[in-house]
Amino acid sequence: MPKKSPSARRNGAALPAWWESRRAEARRRFDELPLPQRKDEDWRFATIEAIRLDEFQPGAKGKTPEAKLLARSQPPFAVAARAVFANDRLVRIEGAEELAKQGVVFEPLATAIEKHPALLQKYFMAHPVDLGAQKFAALHAAHASAGVLIHVPKNVELELPLVSFHWIDAAKTAVYPHTLIVAGENAKVKVVDFLGSTDSKGGGLACGLNDLLVGPGAKVDYVCFQRWGTAVTSFQLNSTRVEKDGEARSLFVNLGAAYARQESRSTLVGGGARSEMLGLSVGNDRQEFDQRTLQCHDVPHTWSDLLYKNALDDRSKSIFKGLIRVAPGAAKTDAYQNNRNLLLNPEAEADSMPGLEILNDDVRCTHGATTGQIDQDQLFYLMARGIDPRTGAQLLAYGFFEEVIDRLPDKKIGEAVRAAVAEKFAAMRPKGKAKVSVRKPAVRAAKASQAKKPPLKGLKKAINVRALQGLAK
């Protein structure tokens with residue numbers, strides 16, 4: 001287990017006895033729970049050997065000057081508030097005082113322990129983590145001190161999003177970002193987390209968790225940009241609970257890390273509750289994205305829809321295991337689950353295990369998974385217009401994600417997702433000749449076209465990628 005946090009005052013606030021007691025209990029659970037084994041059903045297909053814990057330590061001193069760190073922590077859209085953390089240390093928080101005038105709490109976790117103990121005692125990790133990462137949830141509970149508590153009271157609607165940045169800023173550093181969102185009755189809020197490393201090739205351990213508590217009639221939109229360094233081991237655990245007529249929407253954008261496990265559990269506990277679970281991943285080299293989800297319908301007349309899409313290049317890998325669970329009394333459930341994978345390289349791998357557990361016969365539930373390669377005719381269409389095969393394949397993958405991105409109601413956040421995906425593709429440098437297979441006549445035609453017009457550089461300059469949505473779906 002990584003060493004204990006170096007101080008109870010890491011973010012400037014002493015920790016009360018009840019919090020320390022919880023941390024001690026979490027450390028005990030972590031020590032008791034075994035490390036996952038490949039034979040465990042919840043870890044099927046995962047590369048267990050990629051998980052390393054002992055070499056990382058929390059609370060390391062950062063190496064990036066504060067001004068430079070803050071300059072990198074500027075979201076590409078207007079926000080109501082911003083919090084910035086580096087190596088789990090608070091760097092700056094902005095906008096909290098203005099939000100407080102509306103009764104909204106936007107508080108660093110370390111100070112929220114003192115200022116809002118009732119909220120934390122009631123809601124902090126109050127719902128189960130039961131998709132396989134119980135040991136890592138205990139690790140998070142034992143160390144969590146960075147992140148924000150967000151409480152939006154009854155009938156308060158926030159138009160602009162609240163954002164947090166979490167940075168790994170030193171070698172062999174462990175971070176434990178936490179976001180707790182509590183939306184009161186008929187409240188409305190959008191929250192965006194940015195997770196990244198100051199060194200794009202750096203390592204570290206990230207063990208984050210976010211809880212979404214959606215009250216009656218409330219609406220919560222949550223987006224997480226995961227862009228850790230390429231040597232990071234990442235765990236991101238999500239729990240969403242939606243009450244009567246509430247709506248939750250979450251999107252996890254997975255672009256970074258060497259091994260990234262994301263678990264997401266959505267529980268619908270009130271009639272009319274709705275949950276939309278979205279995922280988007282771009283893998284290259286030997287990246288591995290491990291996705292485990294659970295849609296729980298506990299009462300009648302609830303709705304959920306899951307759509308996870310992965311585009312995989314080189315020898316990258318994705319794992320999806322999802323389950324829709326309908327309780328005996330949950331009649332009139334309407335639930336969907338879809339995992340779609342696009343292989344940009346024949347050596348890439350996608351393993352999908354969708355599932356249903358239905359204990360009521362008056363429901364409508366569907367699930368499915370598809371895995372395929374780039375369509376040769378679509379690729380030829382782009383090559384005939386002077387686009388090289390690798391860029392063409394990436395453009396088609398870019399359009400492949402539009403079905404996910406278009407579901408975001410905030411179009412400026414959607415554009416930020418598109419920009420992040422385009423940046424990831426631009427960073428995926430060719431390794432030798434492209435391995436995309438194309439019929440010989442198409443290759444000759446493309447070469448003839450390229451002789452007249454050189455390939456365009458850059459994804460955005462090559463073609464209007466949104467026009468590819470119809471091709472790539």
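Only one entry in PHE124, PHE56 is surrounded by 14 or more Cβ atoms within 10 Å (Cβ to Cβ) and more than 21 Å from ASP211 (Cβ to Cβ), namely PHE56. For segment 401-442, a residue qualifies if it is aliphatic (A, V, I, L, M), modelled with pLDDT under 50 and out of contact with any helix residue (DSSP H, G or I) (no Cβ under 8 Å at 6 or more places or on another chain), but none of them does. Of all residues in segment 350-368, at least one satisfies being over 20 Å from ALA420 (Cβ atoms), free of Cβ contacts under 8 Å to residues at least 24 places away in the same chain and either not β-branched (Val, Ile, Thr) or not assigned by TED's automatic domain parsing to the domain that holds GLY283 (or both). Per the conditions (1) within 21 Å of the chain's Cα centre (by Cα); (2) among the charged types (D, E, K, R); (3) surrounded by fewer than 23 Cβ atoms within 10 Å (Cβ to Cβ); (4) closer than 27 Å to ASP406 by Cβ, the sole criterion not satisfied by LYS321 is (3). Residue count for segment 326-365 satisfying the condition of being part of a strand (DSSP E or B) and either of a type in the set (S, T, N, Q) or surrounded by 20 or more Cβ atoms within 10 Å (Cβ to Cβ) (or both): 11. For segment 29-41, filtered to residues that are part of a helix (DSSP H, G or I) and under 24 Å from the mean Cα position of the chain (by Cα), the residue that is nearest to THR173 (Cα to Cα) is PHE30. I'd like to verify a number: residues in segment 362-421 that are over 21 Å from SER275 (Cβ atoms) and of a type in the set (D, E, K, R), how many? The number of residues fulfilling the criteria is 10.
For every residue, the table says whether it meets (1) under 30 Å from GLU423 (Cβ atoms); (2) at pLDDT 95 or above; (3) among the β-branched types (Val, Ile, Thr); (4) surrounded by fewer than 19 Cβ atoms within 10 Å (Cβ to Cβ).
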| site | (1), (2), (3), (4) |
| --- | --- |
| PRO6 | no, no, no, yes |
| GLU25 | no, yes, no, yes |
| GLN37 | no, no, no, yes |
| TRP43 | no, yes, no, no |
| ALA46 | yes, yes, no, no |
| ILE51 | yes, no, yes, yes |
| ALA71 | yes, yes, no, yes |
| PHE77 | yes, yes, no, yes |
| ASP88 | yes, yes, no, no |
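Quick one: how many residues across segment 276-290 are over 19 Å from LYS317 (Cα atoms) and either buried (at least 21 other Cβ atoms within 10 Å of the Cβ) or among the β-branched types (Val, Ile, Thr) (or both)? Looking only at that region, the number is 1. Just one of (1) under 25 Å from LYS190 (Cα atoms); (2) in a helix (DSSP H, G or I) fails for ALA142. It is (1).
A single entry from LEU90, LEU119, LEU149, LEU131 fulfils the requirement of being in the same structural domain as LYS219 (by TED's automatic domain parsing), among the hydrophobic types (A, V, I, L, M, F, W, C), under 28 Å from ARG22 (Cα atoms) and in contact with a Pro (Cβ under 6 Å, 6 or more places away or on another chain): LEU90.
Please determine, by comparing only the residues of segment 297-317 that are over 14 Å from the mean Cα position of the chain (by Cα) and surrounded by 24 or more Cβ atoms within 10 Å (Cβ to Cβ), which one is nearest to LEU342 (Cα to Cα). The extreme case among them is ALA311. Here ALA273 clears all of (1) farther than 22 Å from VAL223 by Cβ; (2) more than 20 Å from the chain's Cα centre (by Cα); (3) crowded, with 23+ Cβ neighbours inside 10 Å except the condition numbered (1).
The values are calculated or read from the model by the stated rules, or taken from the named source; none is laboratory data. Everything numeric in this text was worked out from a predicted model, so none of it was measured. Methodologically, a virtual Cβ is constructed for each residue, glycine included, from the backbone with ideal geometry; neighbour enumeration extends over all protein chains shown.
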